[in-house]
Amino acid sequence: MIIDNKIFNELKRVRQEITTRLLIITVFAYFSFISVIAFKPDLFGQPFLETNFSIGIILGFLLILLIFIVTLIYVYQANKKLEPLIKQIQTSYKK
């Protein structure tokens, strides 16, 4: 049975490890951004350096960029760590 397979259990552990770290980063970033909007909205309205952009616009763009980077990290780690385990499981059950 697949639940008893050591490779399958390793796959579940590695997947959980990857997703937990990235989830914490994502949730922390979003809640921090929303908390500032809720409790200090005037902070995001201030101009960034000497430009016409506000701090809120810059941080919003950086938040979108962070999520893009988190997605890239997940895809890289999934290809590097999860795919080999999946292939091992597939070949062990094809026999």
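The values are calculated or read from the model by the stated rules, or taken from the named source; none is laboratory data. Note that this is a predicted model, so its numbers are computed, not measured. Backbone-built Cβ (ideal geometry, glycine too); neighbour counts: all protein chains shown. In case anyone asks, the SASA skips ligands and DNA or RNA and just uses the protein heavy atoms, side chains included. Shrake-Rupley method; radii C 1.70, N 1.55, O 1.52, S 1.80 Å.
Structure notes:
- Set TYR74, TYR93: member being more than 20 Å from ALA29 (Cβ to Cβ) and either of a type in the set (Phe, Trp, Tyr) or open to solvent by less than 50 Å² (accessible area, probe 1.4 Å) (or both): TYR93
- Residue count for the range 1-57 satisfying the condition of being among the acidic types (Asp, Glu), assigned to a helix (DSSP H, G or I) and surrounded by fewer than 11 Cβ atoms within 10 Å (Cβ to Cβ): 2.
This table checks each residue for (1) of a type in the set (D, E, K, R); (2) in contact with a helix residue (DSSP H, G or I) (Cβ under 8 Å, 6 or more places away or on another chain); (3) modelled with pLDDT under 95.
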position	(1), (2), (3)
ILE7	no, yes, yes
THR26	no, yes, no
ILE34	no, no, no
GLU50	yes, no, yes
PHE53	no, no, yes
LYS80	yes, no, no
ILE86	no, yes, yes
ILE89	no, yes, yes
TYR93	no, yes, yes
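- Sub-8 Å Cβ pairs linking a first residue in the range 50-67 that is within 19 Å of ALA38 (Cα to Cα) to a second residue that is of a type in the set (Phe, Trp, Tyr) and outside any helix (DSSP H, G or I), at least 6 apart or interchain, are SER54/PHE48; ILE55/PHE48; ILE57/PHE48; ILE58/PHE48, ordered by first then second residue.
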